[in-house]
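The structure appears right after this line, and notes come after that.
The values are calculated or read from the model by the stated rules, or taken from the named source; none is laboratory data. Only a predicted model underlies this, so the values are computations on that prediction, with no experimental measurement involved. Glycine also receives a Cβ, built like all others from the backbone with ideal geometry; neighbour counts cover every protein chain displayed. Surface accessibility is based on the protein's heavy atoms, side chains included, excluding ligands, DNA and RNA. Shrake-Rupley method; radii C 1.70, N 1.55, O 1.52, S 1.80 Å.
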Amino acid sequence: MMNLIIVKYNAGNIQSVLYALERIGVQAIVTDDHDAIKSADKVIFPGVGEASSAMRYLQERGLDKVLINLTQPVLGICLGMQLMCKYSEENNTPCLGIFDEVVSKFSPPAEESLKVPQIGWNNIYDLKTALFSNVPGNSYCYFVHSYYASIGLHTVATTDYIQPYSAALHRNNFYGVQFHPEKSAAVGEQILKNFILNV
């Protein structure tokens, strides 16, 4: 049986991830125990909240060093993905530096009616890696965020809102998605299944 860990830290949405995993028949353990995280088969690093306080919490508990040294597949979700980038404009926060991309705040032109945060369904395209096996291009996923990761070397899915940005990132054993697969219906379930079975 797979040993799947969800990293416990002070950034919510863990419960909805657990429910989504249950729907696809997978059990996960929620913990901040270093040894448990290091020995997991796969690790999910979810997050909703604010970058600087989340990074401070990780650093105070030594979880930042645990995360960057993991060698098994790791999936960051929303804030989790942003914290895996090198820097966030949100309160000028140096992050984990797994991905080279920078996280910036949306700034819509004055003449546009686009709101920040982006809340709702948006399509993802230019899908790469096994994380998106059996996921059609232009599939819709559910987003809630005011900050976005730039397009760069590690971009494996793209979305447009105000400008194109990284919907997903991948480097070595690390994956990140800006959207919430746990709230993205059948497409999100497929992406979670792919993480568990295919990467």
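State whether one or more residues within segment 99-120 are in a loop (DSSP other than H, G, I, E, B) and either crowded, with 18+ Cβ neighbours inside 10 Å or touching an Asp or Glu at 6+ places or on another chain (Cβ under 7 Å) (or both). Among the residues of segment 99-120, at least one is in a loop (DSSP other than H, G, I, E, B) and either crowded, with 18+ Cβ neighbours inside 10 Å or touching an Asp or Glu at 6+ places or on another chain (Cβ under 7 Å) (or both), which makes the answer yes.
Can you tell me how many residues within segment 21-47 are among the aliphatic types (A, V, I, L, M) and farther than 22 Å from ASN173 by Cα? Residues that pass the stated criteria total 1. Among residues that are hydroxyl-bearing (Ser, Thr, Tyr) and surrounded by 22 or more Cβ atoms within 10 Å (Cβ to Cβ), TYR125 is not included. Total residues in segment 133-158 satisfying the condition of being under 14 Å from the mean Cα position of the chain (by Cα), outside any loop (DSSP other than H, G, I, E, B) and not small (Gly, Ala, Ser): the figure is 10.
So is PHE195 in a loop (DSSP other than H, G, I, E, B), in contact (Cβ under 8 Å) with a residue 40 or more places away in the chain and closer than 24 Å to ASP100 by Cα or not? It is false that PHE195 is in a loop (DSSP other than H, G, I, E, B), in contact (Cβ under 8 Å) with a residue 40 or more places away in the chain and closer than 24 Å to ASP100 by Cα. Taken together, the residues in segment 12-71 that are part of a helix (DSSP H, G or I) and either among the basic types (Lys, Arg) or open to solvent by 80 Å² or more (accessible area, probe 1.4 Å) (or both) amount to 10. Based on what the data block shows, is GLU90 part of a loop (DSSP other than H, G, I, E, B) and out of contact with any Ser or Thr (no Cβ under 9 Å at 6 or more places or on another chain)? No. Is it fair to say ASN123 is among the polar types (S, T, N, Q), more than 22 Å from ALA11 (Cβ to Cβ) and in a strand (DSSP E or B)? It is true that ASN123 is among the polar types (S, T, N, Q), more than 22 Å from ALA11 (Cβ to Cβ) and in a strand (DSSP E or B). Among the residues examined, GLY188 qualifies as at pLDDT 95 or above and open to solvent by less than 10 Å² (accessible area, probe 1.4 Å).
Pairing residues of segment 34-54 that are closer than 21 Å to SER16 by Cβ with residues that are among the charged types (D, E, K, R), at Cβ distances under 6 Å and at least 6 apart in sequence or on separate chains, gives ALA51/GLU90. The residues in segment 157-181 that are in contact with a Gly (Cβ under 9 Å, 6 or more places away or on another chain) and open to solvent by 10 Å² or more (accessible area, probe 1.4 Å) can be counted, and the count is 3.
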